[in-house]
Amino acid sequence: MRPPQPSVGNWYRFTDGNLFEIVALDGDDGTIELQHFDGTVEELDFEDWAARWEDGEIESAAAPEDWSGSVDVDAEDGAGDDDGAGTGSPDAAWRSLNG
């Protein structure tokens, strides 16, 4: 199964049950910044995202009912990060990886 293109604001779950939200995409670096429900921030590259999705380690999830208390990054902070304004659009980087 082809992995979904990550999008700022979408929620996912690792198979261990940890919820996280995509908070930023960087097409120049080919990275995805995610924030776990407990507030921890992590970065994955597009290739790692795709491999972990294909291995069944990541799945789509609904946002928790009360997620605002644990999230340090405002939705507006990452909103412009995936608009393709830089030299490397996340969409273009994702398409080059996934055909």
Self-check item: Subset of region 2-42 [closer than 19 Å to ASP66 by Cβ, outside any loop (DSSP other than H, G, I, E, B) and hydroxyl-bearing (Ser, Thr, Tyr)]
Solution: TYR12
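Yes or no, residue by residue, for (1) touching a strand residue (DSSP E or B) at 6+ places or on another chain (Cβ under 8 Å); (2) aliphatic (A, V, I, L, M):
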| site | (1), (2) |
| --- | --- |
| SER7 | yes, no |
| ASP16 | no, no |
| LEU19 | yes, yes |
| ALA24 | yes, yes |
| GLY27 | no, no |
| THR31 | yes, no |
| GLU42 | yes, no |
| ALA51 | no, yes |
| ASP55 | no, no |
Quiz item: Tally time: how many residues in region 8-20 are surrounded by 12 or more Cβ atoms within 10 Å (Cβ to Cβ) and out of contact with any Leu (no Cβ under 8 Å at 6 or more places or on another chain)?
Solution: 5
Practice problem: Would you be able to tell me the number of residues in region 44-68 that are of a type in the set (A, V, I, L, M) and closer than 13 Å to PHE14 by Cβ? | Solution: 3
Exercise. Those residues that are part of a strand (DSSP E or B) and either out of contact with any Gly (no Cβ under 6 Å at 6 or more places or on another chain) or basic (Lys, Arg) (or both), I need them from region 43-56; list them, please.
Key: GLU43, LEU44
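None of the figures in this text is laboratory data; all of them are computed from the coordinates on show. Keep in mind that this is a model prediction, so the values were computed, not measured. Every residue, glycine among them, receives a Cβ derived from its backbone with ideal geometry; neighbour counts consider all protein chains shown.
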